[in-house]
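The values are calculated or read from the model by the stated rules, or taken from the named source; none is laboratory data. Quick caveat: nothing in here was measured; it's all calculated off a predicted structure. Neighbour counts are summed over all protein chains in view; Cβ atoms, including those assigned to glycine, are modelled from backbone coordinates with ideal geometry.
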């Protein structure tokens, strides 16, 4: 059953994925109006495309997975006045691109879901970083791996996005 979303909402896939990956297909089915673009190239190239896509949008809800989580966080720090909330799935906040923001604070709502068994991005490190920079944080550690393949669809997306 498809849900209606009020705010501009975007899903940013991870480095090895696309808009046709498992999460992109899931979101397209649940929220047809969600923005689900494809990104390729390095972080800088991907960020340029993201900035173009979100030009003139406000009240944005950003969902980012892995490298897409890093991108969502980078965009949010640079555009706090345009963001409503961040939902990050095993975000790659440990990459060097995020380092300049480690001394900053982000005060809008942030929800992070991270698998305890993530072998790609260390959940404890991400939790430490997130607690330092996000002042309104709900960090949920789940029994899953990096892709969150066992728990992703059980997240109450309709509630999380409509709040």
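Taking the condition assigned to a loop (DSSP other than H, G, I, E, B) and farther than 18 Å from residue 88 by Cβ, does residue 20 pass? Answer is yes for this residue.
Please list, ordered by first then second residue, the pairs with beta carbon atoms under 7 Å, 6 or more apart or interchain, first in segment 136-163 and free of Cβ contacts under 8 Å to residues at least 40 places away in the same chain and at negative phi, second surrounded by 16 or more Cβ atoms within 10 Å (Cβ to Cβ) and in a helix (DSSP H, G or I). If the second residue must be surrounded by 16 or more Cβ atoms within 10 Å (Cβ to Cβ) and in a helix (DSSP H, G or I), the pairs left are 137/130; 139/127; 139/130; 141/123. If you go through segment 48-58 and keep only what is over 22 Å from residue 113 (Cβ atoms) and either under 16 Å from the mean Cα position of the chain (by Cα) or outside any loop (DSSP other than H, G, I, E, B) (or both), you end up with 48, 49, 51, 52, 53, 54.
Residues satisfying the criterion are present in segment 30-47 (criterion: touching a residue at least 60 places away in the same chain (Cβ under 8 Å) and either buried (at least 18 other Cβ atoms within 10 Å of the Cβ) or part of a helix (DSSP H, G or I) (or both)).
Taken together, the residues in segment 66-91 that are surrounded by fewer than 24 Cβ atoms within 10 Å (Cβ to Cβ) and outside any helix (DSSP H, G or I) amount to 3. Just one of the listed residues (84, 119, 57, 49) is at pLDDT 95 or above and touching a helix residue (DSSP H, G or I) at 6+ places or on another chain (Cβ under 9 Å), namely 57. Residues that are over 22 Å from residue 94 (Cα atoms) and either loosely packed, with under 14 Cβ neighbours inside 10 Å or under 14 Å from the mean Cα position of the chain (by Cα) (or both) within segment 125-154 comprise 150, 153, 154, listed in sequence order.
Scanning segment 3-17 for residues that are closer than 17 Å to residue 91 by Cα, in contact with a helix residue (DSSP H, G or I) (Cβ under 8 Å, 6 or more places away or on another chain) and assigned to a loop (DSSP other than H, G, I, E, B) returns 13, 14, 15, 17. Can you spot a residue in segment 103-124 that is in contact with a strand residue (DSSP E or B) (Cβ under 7 Å, 6 or more places away or on another chain), in a helix (DSSP H, G or I) and either surrounded by 16 or more Cβ atoms within 10 Å (Cβ to Cβ) or free of Cβ contacts under 8 Å to residues at least 24 places away in the same chain (or both)? Within segment 103-124, one or more residues are in contact with a strand residue (DSSP E or B) (Cβ under 7 Å, 6 or more places away or on another chain), in a helix (DSSP H, G or I) and either surrounded by 16 or more Cβ atoms within 10 Å (Cβ to Cβ) or free of Cβ contacts under 8 Å to residues at least 24 places away in the same chain (or both).
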